[in-house]
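Asker: What follows is a single structure, and I will ask about it in a moment.
Here, each number is a calculation from the coordinates, and none is a lab measurement. Note that the coordinates shown come from a computational prediction; the quantities given were computed from them, not determined experimentally. Backbone-built Cβ (ideal geometry, glycine too); neighbour counts: all protein chains shown.
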Amino acid sequence: MNNAIPPTGAALAPDEMTESAGRVLLEILLHGPLPRVELARRLGLSGPSLTRLTKPLISSGRLIEGLARNQAIGRPSRPLDIDVHSERFLGVKLTGAALYAVVTDLRGTVLAEGERPLTGTDPAQVAADVADEARHFERQFPPLTGIGIALGGRSPDGRTVGEANFLGWHDVPLAALVEETTKRPVVLANDVNALTQAQHWFGAGRGLTSLAVITVGAGVGLGLVTHNQLVGGLHGGAGSIGHQFLMSAEATCWRGHRGCANALLSTRAIEAAAQRRTGEPMPLDDVLRGAERGDPVLRAVIDSAGEALGLLAASVANVVDPERIVVAGEGARLGVVGEHAMLRAFHEAQAWETTETPIDVQPFAFNEWARGAAASAIHLWALS
Ligand SMILES: [Zn+2]
């Protein structure tokens, strides 16, 4: 989103009005309620410009006027706010086999959640499954304002899935397919970017202007916020660090790289390492529990993966220098159980000895992927 709002005077073209109104809505959504003076200051607007932008938002009900809080200074100041319960959003995370959904209010609070297996991976079938889920939740929360769909792929325009290898999709117009049935606005997002948006707005990155979110799970990903903006990249591919080389190792990823992040950190990589060392197939949770109990073999497996995570975090810190690094994703507990090895590698590989970038390992529930998708739908609402 463009940051420029003409400060005073000249009338805005309709497009500029929509964009500027979107910035007003987002500012209040993320930091409200805000007195008008404070809002104008934050956005660099004159009083009259702000009034011109907020008037239609108030009359349409998108903004509400709060109670006067300070009448002692003369004219009562009525802060502007948003009725968080006035809108409901459906967020959907797609995997290759199932969809996970949440309904949220305007500030990303989860009101309901659900999951269902996909009836197939054909785009029309997946669109029908999403529409079924929307119908299901619409009975409880009518009407849904918008739908966000997050998936491990690229969608540079938020309308078409450019590439999603886990579904075998190229150039699939998924948003249009779902809109046809649901009659609700739909936006698509890369799942890591959507999760990062939600963390920045409503989670561990709230109030920060820069943030890096490393996700660990089926794959390894990175979401970036700099100057308060999510970094998307020209093709929607910013943050694709899953195949970043980290260290010399025998382990290979599904694309044959030796020692890339996916080969060392992904759930299947850790499970494979445990199986090589013990001779037994073992789910990630058991490997983590064993390491916590002090099993020396499983401790070595987790420490080795923790070291790789620390190296990856150091690379991110060296390139971006964010205010905070958040570790999320369904495999994030690696950053707790393997914390010591992770932090040691992180500090050794950081370029600046005096820089202390905090690493925040978040407890992770799988529905946070879907909550990220809802944040994308909330973004679309603010900008439309
Ligand atoms: Zn790889």
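Asker: Starting from the amide H of Leu63, placed 1.01 Å from N in the peptide plane, find each other amide H under 5 Å away whose residue is 5 or more places distant or on another chain.
Answerer: Placed amide hydrogens put Ile58 under 5 Å from Leu63.
Asker: Of the residues Ser59, Ser304, Ser46, which exhibits the maximal mean-square fluctuation in a Gaussian network model of the chain defined by a 10 Å Cα contact cut-off?
Answerer: Among Ser59, Ser304, Ser46, the largest GNM mean-square fluctuation belongs to Ser59.
Asker: Then there's this: Leu111's amide H: which non-local residues (gap 5+, or another chain) put their own amide H closer than 5 Å, with H modeled 1.01 Å from N in plane and none for Pro or chain starts?
Answerer: Val103, Thr104, Asp105
Asker: Same structure, new question: Please list, in order along region 252-260, the HN-Hα scalar couplings obtained from phi with the Karplus expression 6.51 cos²θ - 1.76 cosθ + 1.60 (θ = phi - 60°), rounded to whole Hz, x for Gly and Pro.
Answerer: Along region 252-260, the couplings run 10, 8, 5, 9, x, 6, 8, x, 7 Hz.
Asker: Going by amide H atoms built from the backbone, whose H comes under 5 Å of the H on Ala332, apart from near neighbours?
Answerer: Residues meeting the criterion, in which the H sits 1.01 Å from N, are Val216.
Asker: What is the spin-label model distance, in nm, from Val319 to Leu208 if the labels are put 7 Å beyond Cα along the C-beta direction?
Answerer: 1.7 nm
Asker: Still on this model: So what's the net charge close to Gly256: Lys and Arg +1, Asp and Glu -1, counting the other residues with Cβ under 15 Å from its Cβ?
Answerer: Values: positive: Arg255, Arg258, Arg268; negative: Glu250.
The answer is +2.
Asker: Dividing the Cα convex hull volume of the chain by residue count, how many Å³ per residue is that? Intermediate results must be reported in sequence, preceding the final value.
Answerer: On the way: hull volume 63.7 nm³, N = 384.
Convex hull volume per residue, Cα atoms: 166 Å³.
Asker: Further question on the same structure: For region 298-384, what is the relative contact order in percent, using Cα pairs closer than 8 Å and at least 6 residues apart in sequence? If you can, show how the numbers build up before the last one.
Answerer: Values: 95 pairs, mean separation 32.4, N = 87.
Rounded, it is 37 percent for region 298-384.
Asker: Next up: Going through region 254-346, which trypsin sites (Lys or Arg not before Pro) have at most 12 other Cβ atoms within 10 Å and a DSSP loop state?
Answerer: Working: sites: Arg255, Arg258, Arg268, Arg276, Arg277, Arg289, Arg293, Arg299, Arg324, Arg333, Arg344; in loops: Arg255, Arg324, Arg333.
For trypsin sites (Lys or Arg not before Pro) across region 254-346 that sit outside H, G, I, E and B with at most 12 neighbouring Cβ atoms in 10 Å, the list reads Arg255.
Asker: Please arrange Asp285, Asp295, Asp171 by how many other C-beta atoms lie within 10 Å of their C-beta, fewest to most. Intermediate values should be presented prior to the final figure.
Answerer: Values: Asp285 12, Asp295 16, Asp171 8.
Lowest count first: Asp171, Asp285, Asp295.
Asker: Say the dipole of the chain comes from +1 at the beta carbon of Lys and Arg and -1 at that of Asp and Glu; which of Val326, Gly242, Ala218 then lies farthest toward its positive end?
Answerer: The one lying farthest along the dipole's positive direction is Val326.
Asker: Let me ask another. Rank by packing, highest mean first: peptides 38-45, 349-356, with packing defined as the count of other Cβ atoms within 10 Å averaged across residues.
Answerer: Details: 38-45: 17.4, 349-356: 11.1.
Averaged packing, sorted descending, gives the order 38-45, 349-356.
Asker: Now a separate question. Give me the log10 of I(q) over I(0) for region 205-361 at q = 0.10, 0.13, 0.20 Å⁻¹, as the Debye formula computes it from C-alpha points; what are the numbers?
Answerer: -0.34, -0.57, -1.25
Asker: Going by how many other Cβ atoms sit within 10 Å of their own, how do Met342, Met247 line up, fewest first? Write out the running numbers ahead of the final one.
Answerer: Numbers: Met342 28, Met247 15.
The most exposed by this proxy come first: Met247, Met342.
Asker: If you don't mind, another one. Projecting each Cα onto the charge dipole of the chain (Lys/Arg +1, Asp/Glu -1 at the beta carbon, about the Cα centre), which of Gln199, Leu174, Val130 comes out farthest on the positive side?
Answerer: Gln199
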